[in-house]
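The structure under discussion appears below in the form of structure tokens.
The values are calculated or read from the model by the stated rules, or taken from the named source; none is laboratory data. Small disclaimer: the values here were computed from a predicted structure and weren't measured. Quick reminder, even Gly has a Cβ in these numbers, built from the backbone with ideal geometry, and neighbours come from all protein chains shown. To get the accessible areas, we keep the full protein, side chains included, count just its heavy atoms, and leave off ligands, DNA and RNA. Shrake-Rupley method; radii C 1.70, N 1.55, O 1.52, S 1.80 Å.
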Amino acid sequence: MKQELEKAYEPQKYEDDIYATWEESGFFNPDNLKAKGKPFVISMPPPNATGILHLGHASALAYEDLMIRYHRLKGRKALWVPGTDHAAIATQTKVEKILAKEGSSREELGREKFLARVRDYVAGSQDTIRNQTRKMGSSCDWSRERYTFDKGLSQAVSEAFVRMYNDGLIERDYRIVNWCPRCASTLADDEVEYEEQDAKLYYIKYGPFTIATTRPETKLADTGVAVHPSDKKYKKYIGQTLDIDLAGHNIKVKVFSDKAVDPKFGSGAVGVTPAHSAVDFEFAQKNGLEIIKLIGEDGKLLSSGGKYKGMDTLSARKVFVKDLEAADQIVKVEDYKNNLSICYRCDTPIEPLTSEQWFVRVNKKIPGRNKTLKQLATQTVKSGEIKILPDRFAKTYYHWMDNLHDWCISRQIWWGHRIPVWYKKSDTDIKLTLFRHTQSEANALKVGAGHKDYKLTEKGVEQAKKIAGEINPDDFDIIFSSDLSRAKQTAEILFPGKKIISDKRLREVDFGDMTDKSSLMINKYRAKGFPNGETYQDVRDRVQLFLDDISSKYKNKKIAVVSHSGVWKVFEIIFNGADFTEEFLSTHAALGAKEYDLDKKSEEIYVGHDKPKGKGWIQDEDTLDTWFSSALWTFSTLGWPIKNKIGFNKSLVEKVKNGEKTITHRLSEKELSVGETCIVENTQTKKSFGFIRITEVKKIKMKDLDLSEPGQGEYKSIEEFRKRIAKYYPDMDVTINSDLWVYRYIYSKKSDLDTFHPTTVMETGYDIIFFWVARMILMTEYLLDQKPFETVYLHGMIRDKAGKKMSKSLGNGIDPIEMSQKFGTDALRLSLIIGSAPGSDLKLYEEKIAGYRNFVNKLWNISRFIFSSVDKPKSIKTEPKAKTLADKWILSEFNNLAKEVDVDLAEFRFSAAGEKLYDFTWNKLADWYLEISKIEKNKDQILLYILERLLILWHPFTPFVTELLWQQFDTKEMLMVKSWPKTGKVDKKSLENFSDLQKLVIKIRNLKAENKIPPKDLPNCYLESKIFSKEDLAVVAQLSRVTLVDSLPKAKSFTIGKTKGKINLVKELSDKERSDLEKYIKATEAKLNNKNFTDNAPPQVVADTKKRLTEAKNKLK
RNA sequence: GGGCGGUUAGCUCAGUUGGUUAGAGCGCUUGCUCGACACGCAAGAGGUCACUGGUUCAAAUCCAGUAUCGCCCACCA
């Protein structure tokens, strides 16, 4: 790669090649690094698979790459896992827009075709993202690249769901949700944005009340009115249910009181619409109000809206208000500002409505951990286990966690992970009628019979006869009865002459020790189960078996069941969704017939990874919130949950263990894919050897198999191989021409999950702390009992020069790729990192990037100068000996710099580190040392020593130019994997003295410039110094462009520290300089005369002040 | 309504635990082709550190308040 370096650095000529060299080197993959110790790991926040890279990504990539490269140079195993997110709603919306342009829609295509279309689209744009990420110089491990829809990640999603479901943390419930009518899907609370809008506040005559509302049409579904408890006007109505007429539409509302009602707002009465307002829904639950759904998922009014049915909300409002006006029910209309909730993806107004959805219950105790998800996630940050930078965002995090509601995770869009739940609806057409036995002896005694065989009383017989009169036995095809006498007796009376099948499974619950005890005693055990008897869950299980039996045997039949109260309860639980509460279990079945439709019974539900065996299972139509899968990102990308097993015989495993790459056969191509981690197991002993991670999949034809390759050597011939396969896979037709998948494996003793998780740093924007960071912490703590990362580094938003958010609609966006083309990636990265503080927004504009382009060019030219001035560009191993003051100074400055940059980077002060490097490179090395090197000569060693190490220090910031310049050294290594320089000593004395030298030069230059002496002229100058050698003074003279003379009687004299000088030009101090000095002297003298100061300030400060005063006075002379 | 952040040179921003005469880059002025760099070199101008009060020997920095801009959160119909 060595070549003459041109005058100006042209990044676009080199960047792609350099990146390719890096990528081919394999060092992006920590497995190929010789590093030891704790790995440094970053999970790349996955960009949307369909997005293009914007400046936000570019800045994130710059920070992440900076950290990764720094820690790689520091000798740690640095892993940066890249990937993309399927971005459910965002992607679906995007493809839907394309379809709309084509005059099609997703409904027209249907689910499968639509999904195929999205997959195509994603595949195309993923490539764009990948290439753009490369363009930014990102040193991420592409062999570990993941996509949220990868098989392994999807498995992680269903695993998480199943575990949470089994722990009762995920549940299906009918609640109020945020509904986006355009997306036709629910949204999580934080996916709703608010926009202030001008609205009208309508005051409506509403029975005895006047209520105010911005959405009159929803009043059609009001079922309550809330008033403040102390509001005297309305006290008399509390508890009553009133009929209200709204322009001919009748509603029934229950009046209740709640302190949340502001008696001063409007008339102090609030109409409550439980189905379409989150607050009202809570009211309804607290006060037992009816819930009437008025607005459908399409945003149109349902039949509960009466004559307004079918209208969308806005037109319904218009018409309804008109009707109310006609009925003289509008009291007044006011202008009003309120917050309209809109969808964060498509800005469509959100419709709160009730619906059955899946929720993550954040306030429920996790079984066995005595904590809720919320508490778990809060504690991880509070305890300091996770550090958030800047720390003020920890507060934001707590606040959000405190206010977190249950998280609605089901979405009705198609593009997403299907919810791993299957339902089975039966189609038996069986009608089931349940009869309870009539009064038994135990009933009469008011004791619990349970399994004890009591008979019917006389009264019981009478009761049974009465019921018998009300039914026609021929209506039933088959009669079942509990095998206990009281039930059998009842059955015989109800169905005289019919065949009665008695079944033990229809018995009453077994009261165990509580048999023959009073119902008071028995009630205590109903919820928890009876000692030495049964629980109601037991009863449910045996009844379920009974039901399963009859559903397969007696299709289309009408079946009567004569049984007990306990079985009735279980029927209610199975068919009508009753709960196992003590209250419910203590109720008793009424006598008489109860009908149940076997097909309408609560569906059977199965939650698991795969479709259960058997017919009739249908998967839940919904998909999961995209953030549900993102929440697993740090560990799902590392192989969690490892499910795959690979069988090996022992000899093969030994070979892999020795670290060689090897291949072996697999027969099913769908079994494994790149990036997955698998357990290696001995096929005979079933003993596991450890893990391997698949890094490459290669399709090789059987006939092309090279049997001498490692891992294949054990087969002497294709024929032997074929036989072997045939033995293990007898069903497979193996011919010599079969295409087989052959995988290449690298052995690793630990899984990636063990090695790299928890990750080290999560670098992301503060805008997704809730969406993502919080959910990652929550899910990781729950599923792995680990934190997902140690430190959260939050960067700010990128804004334009005016401080506005960059957006397509404003047209103020800057395309990072364009900037990279124009100014180079290194310059762009610097402009994003230097001058920005964590958590605060950054304004970016072209001039700024151009400024850093200039710097990169400066670095280029510094190197160019050094390479051209030295004999041979070779690497210098140890710090060269300093010969002159300048040498001592630059080495000290460099050592200082290397140390400070190291500390700054380790402590996330990237901007500070960059500024220090910039200052050293330009203002110290280039402006002074290089100039001096032209005078003092023979500085090859020091120049090369510093340049080499400076390139390393710069490398995390500007990887391209530094790597390129590094190639000029006589080396085959890559800068990327060099080690961070060790720092030498700092000689303070030389720092001080050199500073005097600089001051001297500047002083003389000043005098020349102020006196309009042309730079070319070399006036005579006399210098006399206690600290500078003759050679040093010669340097001063050259830099300041004067002629040194041995004496100079009449001339302007000056003093810098311990050096006196005279120069033959006279220039008085300017008036401003003089007055500034006088002011300073006056102030400082006053300070020194202040006893308070001299007594209290540290002596060093006082001494310094005195010194400075003397200096100032000297200047005035 | 609650919370957080900002306000320092014309512009964009640094300024660690209070302690040189408050810094940088860009822009501006003047002058420069001295062995790399005009994407450069040298010199220079430019600031009541938003305001008011307090603490202190000492405040851009700490405290209280005010103004103003911005962000986040919240169920006020």
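Which value, in debye to the nearest 20, gives the size of the charge dipole of region A:212-313 about its Cα centre, when Lys and Arg are +1 and Asp and Glu are -1 at the Cβ?
400
Counting alpha carbon pairs within less than 8 Å and at least 6 residues apart, what relative contact order, in whole percent, applies to region A:883-1037?
32
Taking 7 Å along the Cα-to-C-beta vector as the label spot, tell me the A:T1110-A:K446 distance in nanometres, rounded to one decimal.
10.9
What FRET efficiency comes out for A:D16 versus A:E907 if R0 is 30 angstrom and r is the Cβ-Cβ distance? Round to the nearest 0.05.
0.35
Which residue, A:T218, A:T186, A:I176, has the largest displacement toward the positive end of the dipole of region A:141-299 when charges sit on each Cβ (Lys, Arg +1; Asp, Glu -1)?
A:T218
If you place +1 on the Cβ of every Lys and Arg and -1 on the Cβ of every Asp and Glu, how big does the dipole about the Cα centre of region A:262-409 come out, in debye to the nearest 20?
The calculation lands at about 720 debye.
For A:K232 and A:M521, FRET efficiency with R0 = 35 Å and r from the beta-carbon atoms, rounded to 0.05?
0.15
Rounded, prolate or oblate, given the Cα gyration tensor of region A:464-505, with a/c below 1.5 counting as rounded?
Cα axes put region A:464-505 in the oblate bin.
Quick one: with all protein chains in place, what share of the accessible area of chain A is carbon or sulfur, to the nearest percent (1.4 Å probe)?
Here it works out to 49 percent.
Note down the magnitude of the dipole of region A:421-572 about its Cα centre, charges +1 on Lys and Arg C-beta and -1 on Asp and Glu C-beta and zero elsewhere, to the nearest 20 debye.
Around 200 debye, computed over region A:421-572.
Run the numbers on chain A and let me know its relative contact order in percent, using alpha-carbon pairs under 8 Å that are six or more apart.
Details: 1994 pairs, mean separation 130.6, N = 1117.
Computed value for chain A: 12 percent relative contact order.
Excluding A:E931 itself, what net charge comes from residues whose Cβ is under 13 Å from its Cβ, given Lys and Arg +1 and Asp and Glu -1?
Neighbour charge sum, excluding A:E931 itself: +4.
Can you tally the net charge around A:C408? Count Lys and Arg as +1, Asp and Glu as -1, for every other residue whose Cβ sits under 10 Å from the Cβ of A:C408.
-3
Contour minus end-to-end for A:K1030 and A:S1053, with contour as 0.36 nm per residue of separation and end-to-end as the Cα-Cα distance? Let's see the in-between values first.
Values: separation 23, 0.36 × 23 = 8.28 nm, distance 1.91 nm.
Net length gain for the segment: 6.4 nm.
If a paramagnetic tag sat 7 Å from the Cα of A:K498 along the Cα-Cβ line, which residues of region A:422-439 would have the backbone N under 17 Å from that point?
Within reach of a label on A:K498, which here means backbone N under 17 Å from a point 7 Å along Cα→Cβ, region A:422-439 contributes A:430-438.
Within region A:1024-1038, which residues have the backbone N less than 17 Å from the label spot 7 Å out from A:N1011 along Cα→beta-carbon, could you tell me?
Those under the cut-off are A:1024, A:1037-1038.
What does the extension gain come out to for A:S840 and A:S995, with contour length at 0.36 nm per residue minus their alpha carbon separation?
Details: separation 155, 0.36 × 155 = 55.80 nm, distance 3.56 nm.
Extending this stretch completely gives an extra 52.2 nm.
Which of the lysines could a cross-linker bridge to A:K723, judged by Cα under 21 Å and excluding same-chain residues fewer than eight apart?
A:K650, A:K699, A:K701, A:K703
Which value in nm describes the separation of the simple spin-label points at A:Y398 and A:D298, placed 7 Å from the Cα toward the beta carbon?
Roughly 5.0 nm, to one decimal.
Charges on Cβ only, +1 for Lys and Arg, -1 for Asp and Glu, centred on the Cα centroid of chain A; of A:F393, A:A491, A:L99, which one is farthest towards the dipole's positive end?
A:F393
Return the subset of A:K286/A:K569; A:K425/A:K524; A:K1050/A:K1079; A:K822/A:K982; A:K466/A:K569 for which the Cα-Cα distance in this structure is over 32 Å, preserving the input order.
Checking Cα-Cα distances, A:K425/A:K524; A:K822/A:K982 exceed 32 Å.
For A:R175 and A:S875 in one chain, what is 0.36 nm times their gap in residues minus the Cα-Cα distance, to one decimal in nm? Numbers along the way, then the final one.
Numbers: separation 700, 0.36 × 700 = 252.00 nm, distance 6.98 nm.
Extra length from A:R175 to A:S875 when fully extended: 245.0 nm.
For region A:205-276, count all C-alpha to C-alpha pairs, find those more than 19 Å apart, and express that count as a whole percent of the total. Before the final figure, lay out each step's value.
Numbers: 598 of 2556 pairs.
That fraction is 23 percent.
Efficiency by 1/(1 + (r/R0)^6): what FRET value for A:S979 and A:K934, r their Cβ-Cβ distance, R0 = 30 Å, to the nearest 0.05? Walk me through the numbers on the way to the answer.
Numbers: r = 32 Å, r/R0 = 1.05.
It comes to 0.45.
So for chain A, what percent of the C-alpha to C-alpha distances run longer than 39 Å?
Within chain A, distances greater than 39 Å cover 66 percent of Cα pairs.
How large is the convex hull of the C-alpha atoms of region A:1012-1067 per residue, in Å³?
77
With each pseudo-label sitting 7 Å past Cα toward Cβ, what's the A:T210-A:T971 distance in nm, one decimal?
8.4
Restricting to DSSP H runs of at least four residues, report the calculated mean residue ellipticity at 222 nm for chain A, -39500 (n - 2.57) per run over all residues, nearest 500 deg cm²/dmol.
The per-residue figure over chain A is -12000 deg cm²/dmol.
Just by accessible area at a 1.4 angstrom probe, what is the order of A:K805, A:K36 from largest to smallest?
Details: A:K805 125, A:K36 170 Å².
Of A:K805, A:K36, the descending order of accessible area is A:K36, A:K805.
Once Lys and Arg get +1 and Asp and Glu get -1 on their Cβ, which of A:T764, A:N1064, A:F283 lies farthest toward the positive end of the dipole of chain A?
Towards the positive end, the residue furthest out is A:N1064.
For A:R418, what is the net charge nearby, where nearby means another residue's Cβ is under 10 Å from its Cβ and Lys, Arg count +1, Asp, Glu -1? Before the final figure, lay out the partial values.
On the way: positive: none; negative: A:D620, A:E621, A:D622.
Combined, the nearby Lys, Arg, Asp and Glu give -3.
Report, in listed order, any pair from A:K205/A:K236; A:K805/A:K848; A:K431/A:K553; A:K205/A:K235; A:K1008/A:K1106 with a Cα-Cα distance greater than 20 Å.
A:K1008/A:K1106
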